[in-house]
């Protein structure tokens, strides 16, 4: 079926109303919003990813893609660990969201084929933290951190790139990053988001801190990266229970019965103590006690030395311009380094 779709796309892709510079190659996947295709961009002379969202009902599909476009436009191409937006095209039948193509697939695909040790997990996790920190500095909360939303480049060593900003949201000015909308993926959502659904007293539901919610989700993702299972084994409940019942089970274990994630997660004992201690602070149900993103970045485990082949600061090969470059992801206000420096028409990055 995919082969037939690919043939039809190559011959009839122009009927979708996209500019003629885009030539369909193959379908990469099918999501809730629409199909994602790999295309050749003959004007930019590169491969791109095109998300085709049908126009018409349900309206939430277009609104999510429009939100994703707004979020990425706000973030710009300012960070190597965030997928780069290129163009949005509105046709008579589709809204086409066009971004850079990341050939290595998603982190969830990688985890199906590979087992990570803590050094490799730290290498990817530091990049995830850099992307989240950049988003927060731009007053954007992501709200859907999970392996399926992190892409990996085919370079050696690879880069991680955060994608799919459909649930991301902004906060204004000097306001606090407080939200009320249920957003995220079950199992990765923090307990305060689920509280309004499952608390015995509905009046106890409250707005949540989106920044702290991202920290919690990142902690769940780190557990999945290393143990191939979710804290409290939510994935096992999700496989045999209806979605709301599985979420209720997780909420009860964590917030009603007070079961610690280490006690309810198989193989948690294999993690090093510095890592387990970090996860204790990230998966803390009490937001007042939960680690901030700055706390996580300053933690002992995150700052342990990486192996030589994965050390931050060595030269990489750019898969776009094949120039030598350095990773740059400093987004601290007032830092003397910019998050992107252009030299000789090439992108250069430094991570420090």
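Annotations for the structure displayed:
- Ranking of 84, 44 by count of other Cβ atoms within 10 Å, fewest first: 44, 84
- The length gained on full extension between residue 60 and residue 91, counted as 0.36 nm times the residue separation minus their Cα-Cα distance, comes to 9.4 nm.
- For the range 95-127, backbone nitrogen atoms closer than 20 Å to the point 7 Å from residue 235 Cα along Cα-to-C-beta are found at 105-126.
- Residue separation of residue 108 and residue 267 scaled by 0.36 nm, minus their Cα-Cα distance, works out to 55.3 nm of gained length.
- Distance (nanometres) between label positions extended 7 Å along Cα→Cβ at residue 21 and residue 171: 3.8 nm
- Using a Förster distance of 30 Å, the FRET efficiency for residue 42-residue 154 (Cβ separation, nearest 0.05): 0.90
- Descending principal axes extents, the range 63-103, alpha-carbon based, whole Å: 33, 23, 13
- This ranking places 48, 215 by how few other beta-carbon atoms lie within 10 Å of each, fewest first, which gives 48, 215.
- Radius, Kirkwood style, for the range 81-209 when every pair of distinct Cα atoms is counted (Å): 16.8 Å
- Column: log10 I(q)/I(0), Debye, Cα scatterers of the range 133-252, q = 0.12, 0.14, 0.21 Å⁻¹: -0.49, -0.65, -1.25
- Segment residue 228-residue 308, length gained on full extension (0.36 nm per residue, minus Cα span): 26.2 nm
- Packing order of peptides 287-296, 161-170, 217-226, highest average first: 217-226, 161-170, 287-296 (average count of other Cβ atoms within 10 Å over each peptide's residues).
- Within the range 43-68, backbone nitrogen closer than 15 Å to the virtual label 7 Å beyond the Cα of residue 74 toward Cβ: 64-68
Read the figures in this text as sums done on the coordinates, not as results from a lab. This is a predicted model, so every value here is computed, not measured. Note: ideal-geometry Cβ built from the backbone for every residue, glycine included; neighbour counts use all protein chains shown.
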